[in-house]
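Asker: Have a look at the structure that comes next, please.
Bear in mind these aren't lab numbers, they're just calculated from the coordinates by the rules spelled out. Predicted model only: the values in this text are computed from it and were never measured. All Cβ positions, even for glycine, are placed from backbone atoms using ideal geometry, and neighbour counts span all protein chains on display.
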Amino acid sequence: MNIPCFSKPAAWQRLHVGPLSPFIDSFAQHLSEQGYADATSCDKLRIVAKLSQWLERQHCCLNALNEQQVATFINELHEHQRRAFRGDATTLRELLEQLRNTGVIPAPIPASKHSALNQLEEDYSRYLTHERGLTAASVDNYLPIAHRFLTSRFGDGRLALEQLTARDVTRFVLEYIRTLSPKRAQLGVSALRSFFRFLCQRGEVGTNLAGAVPAVANWRLSQLPKFLEPGQVEQLLQSCNQTCLVGQRDYTILLLLARLGLRAGEVVHLSLDDIDWNAGLLNIRGKGSRVDRLPLPVDVGEALAAYLRDGRPCCATRRVFVRMRAPREGFASSVAIDSIVRRALQRAGLEPSCKGAHLLRHTLATEMLRNGASLPEISQLLRHRLRQTTEIYAKVDQSTLGALAQPWPGEIS
C-alpha cells in the first residue's frame, strides 16, 4: 500500500511491528477515507505503531485491548517522552472502534464512571427512537439537555440517580434553561420531562421528577416573528464565496433554508437518497417521523448538483452535507446549521435580533404573505401540523390588519 506521506518504504515498514501490525494498512485506509491530511495521518499511524510496540513489551494479548490499556499507555508515553498531543486519545479511540467493528476485539464492558454515563445516554437514545418514535433530529435535541443535567449534578462522580430531588431539577432549570430563548427553553423542559419519565420507567428513581420541572411561560402569538427585510436574503446569499468548497456548501444550505423553509435539523439529516432528481422532489424528514415531498426549485437544484459534483468530499456517509475537516461525516446536530447562518449574517453585515436558521424560515413565510399567499398555503409549505402555528404570521400582514383596525375613539377624521 502506497502512503504518500512516507516517502521511504523502510519508514512505512517500521510501522508494522507488534500485535497491531496486521491492521496498520486497514487503519491507514480508514484515515484516508475520512479525509485526513497526509501529515495528520502520519502522526496517527505513528502513535498506533507505538501502542503496538508497547503491547508487545507488556506481553499483552490483543484480544484484551481496551480503553483502560490505552489510557495507561498514553500516561506512560506522556510521562517518559514528554509528548502530549491532544489527538492521541482520539486516534486510539478510532482504532478501537475499527477493531471492534471488524470483530478483532470484543465490545467494551461498561465499567468506569464515564462509561456508565455513556451507557445511560445510549439507553435513553434507544428509548426515544424505538419506544417514543422520535426522529433523529429530535433525539439530537434531547440528548444534550439530559447530558448537561447529569454532568452539572454529578460531575465526574458516580451517577447516584436515586439521590436526585426536585431541588436539583429546579436549580438546573434556573441556572441553565432561563438563559435560552422562550422556544428553546420550552424544548429544554420538554427534554427534561422526557428524561425523568425514562428514569422512572427503568426504576432508577423512586419518584417521577417530570412533575417537578417548571413550565416556561411563552404565550402563543405573544411575539412577532423575526425576519429579514426584502433584499437582505440575497445579500446573505451573496456573502458566500462559492469559489471555495466551504462557501459552496454554505450557499447550498442557505438556499434550502431560504427557498424551502427547512428546519436546521431537517438539513442536517438530509440524505442522498432523499433527492429525486427525475421528479425534481425532495423528501423532508420532519417532526414526528413525518416525511413530506417538496418540489425542488431550479436554483436550489442547480446549487445542490454543483455542490455534490464539485464540492462534497468523497466519504462513506449518505448525508448530503458533511464536515470539510476530517473526519468526513455529517454534522453532529442542528447547532452547526445555526452557526453557518450566524457567520453568513456577520459577513453580510446584518444584525437581526434572531441569528439562527429559523430566521430564514420566518422570512420565507413573511415574504409569501406579502406576495399574496394565504395562511393555508404558507402552512402547507412550512409543513405545520396545526394551522394555529401559522397564525403568528398574520401579525406581520400590516395592510390587511390596517383595513380591519377600528378608528381610535375621539379621533378627528
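Asker: With point charges of +1 on the Cβ of Lys and Arg and -1 on the Cβ of Asp and Glu, referenced to the Cα centre of the chain, which listed residue (VAL298, THR135, GLN68) lies farthest in the positive direction of the dipole?
Answerer: Of the options given, the answer is GLN68.
Asker: Evaluate the charge dipole of the range 9-101 about its Cα centre and quote only its size in Debye, nearest 20, assuming +1 on the Cβ of each Lys and Arg and -1 on the Cβ of each Asp and Glu.
Answerer: 220
Asker: Could I ask something else about it? Aspartates and glutamates near LYS287 by alpha-carbon distance under 20 Å, same-chain residues fewer than 8 away left out - which ones?
Answerer: Of all the aspartates and glutamates, those that pass the test against LYS287 - Cα under 20 Å, at least 8 places apart if same chain - are GLU131, ASP140, GLU266, ASP273, ASP274, ASP338, GLU377, GLU391.
Asker: Would you work out the charge dipole size for the chain about its Cα centre, treating the Cβ of every Lys and Arg as +1 and the Cβ of every Asp and Glu as -1, and quote it to the nearest 20 debye?
Answerer: The dipole magnitude comes to about 540 debye.
Asker: Please give, to one decimal in nm, the separation of the simple spin-label points placed at GLN186 and THR151, each 7 Å out from Cα toward the Cβ.
Answerer: Label-label distance for GLN186 and THR151, simple model: 2.8 nm.
Asker: Which aspartates and glutamates have a Cα lying under 20 Å from the Cα of LYS44, excluding residues fewer than 8 positions away in the same chain?
Answerer: Filter leaves ASP25, GLU33, GLU56, GLU67, GLU76, GLU79, ASP88, GLU94, GLU97, GLU329.
Asker: Using only the Cα atoms of the range 232-396, what do you get for the radius of gyration and for Dmax, in Å?
Answerer: When restricted to the Cα atoms of the range 232-396, Rg and Dmax are 15.6, 46 Å.
Asker: In addition: Give me the one-decimal nm value for the distance between modelled label points at ALA116 and ARG325, 7 Å along each residue's Cα-to-Cβ direction.
Answerer: 3.4
Asker: Using r as the Cβ-Cβ distance of GLU377 and ARG93, and R0 as 35 Å, what FRET efficiency do you calculate, to the nearest 0.05?
Answerer: The value I calculate is 0.10.
Asker: Sticking with this structure for a sec: Name the longest site-free stretch of the chain, where the excluded sites are GluC sites (Glu not before Pro) in a DSSP loop with no more than 16 other beta-carbon atoms within 10 Å.
Answerer: Between exposed loop sites, the widest span is 1-203.
Asker: If you average 1/r across every pair of different Cα atoms in the chain and take the reciprocal, what Kirkwood value do you get, in Å?
Answerer: It is 25.2 Å.
Asker: Take the Cα coordinates of the range 113-212, assign each an equal point scatterer, and use the Debye formula without solvent to give log10 I(q)/I(0) at q = 0.22 Å⁻¹.
Answerer: -1.30
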